[in-house]
Amino acid sequence: QDNSFNGNIPDGVKDMTELRNMNLSGNKLHGTIPNLLGEATKLEVIELQHNSLAGYIPSNLSSLKRLKTLHVEGNYLLGEVPDGLCQQVENGILLSFTSDCAHTDEPGQHIVCSCCTKCFEPA
């Protein structure tokens, strides 16, 4: 957290087979949330808030059956939250899911999230 990391989230994160808690919040990360993150099967916490990540939340994050916390607010993400993540919230698996999900004046510039446990106003 707050380490001034700069660049993309490396694809090699999927090879960290024992990784349970990934807190990369408050850095200078950009690019997208890599699809390969869904292969880090022991992840319980993903904190990516307050970076400059863009694009969509990968649908394969819903394959992380141990995921309890997903925080992505303070980025430039857009689109709909994958159904699988909403099912994990509804089933009491994903306990804390935060995002920028308020509507803005520009269509497509926010997350459409009917299942976020907390929504923040986009920056």
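Note on exposure: Ser96, Ser114, Ser63 ranked by accessible area (1.4 Å probe, complete protein assembly) read Ser114, Ser63, Ser96, with the most exposed listed first. For the stretch 1-109, a simple Cβ point-charge model (Lys and Arg +1, Asp and Glu -1, everything else neutral) yields a dipole of about 400 debye relative to the Cα centre. Working note: 222 nm ellipticity from helices only, DSSP H runs with n ≥ 4, each -39,500 (n - 2.57), summed and divided by the residues of the chain, gives -1500 deg cm²/dmol to the nearest 500. Under 10 Å, Cα contacts only: if you run a Gaussian network model on the chain, which one of Thr69, Thr32, Thr17 comes out with the highest mean-square fluctuation? Maximum fluctuation in the GNM of the chain, among the listed residues, is at Thr17. Annotation: extensible slack from His30 through Leu95 equals 20.8 nm (criterion: 0.36 nm per residue apart, minus Cα-Cα distance).
Surface listing: Phe97, Phe5 arranged by accessible area from highest to lowest gives Phe5, Phe97, probe 1.4 Å. For the chain, relative contact order (Cα pairs under 8 Å, six or more residues apart, normalised by length) works out to 19 percent. Using only alpha-carbon positions in the chain, the gyration tensor eigenvalues give semi-axes of 20, 18, 12 Å once each is multiplied by 5 and square-rooted (largest first). Note down the net charge around Val45, summing +1 for each Lys or Arg and -1 for each Asp or Glu among other residues with Cβ under 9 Å from its Cβ. With Lys, Arg at +1 and Asp, Glu at -1, the neighbours total 0. Solvent-accessible surface of protein heavy atoms, probed at 1.4 angstrom with all chains present, puts Asp11, Asp83, Asp100 in the order Asp83, Asp11, Asp100, largest first.
With a probe of 1.4 Å, find how much accessible area the chain has per residue, and write the answer as a whole number in Å². Each step should come with its number before you reach the end.
Numbers: 6560 Å² over 123 residues.
Ligands and nucleic acids excluded, the result is 53 Å² per residue.
Using a 1.4 Å probe on the protein heavy atoms, what percent of the accessible area of the chain belongs to carbon and sulfur?
In the chain, the share of accessible area belonging to carbon and sulfur is 48 percent.
The values are calculated or read from the model by the stated rules, or taken from the named source; none is laboratory data. Bear in mind that the values here come from a model prediction, so they are computed numbers and not experimental data. Counting neighbours? That spans all protein chains shown, and the Cβs are built from the backbone with ideal geometry, glycine included. Just the protein is used for accessible areas: all its heavy atoms, side chains included, with ligands, DNA and RNA removed. Shrake-Rupley method; radii C 1.70, N 1.55, O 1.52, S 1.80 Å.
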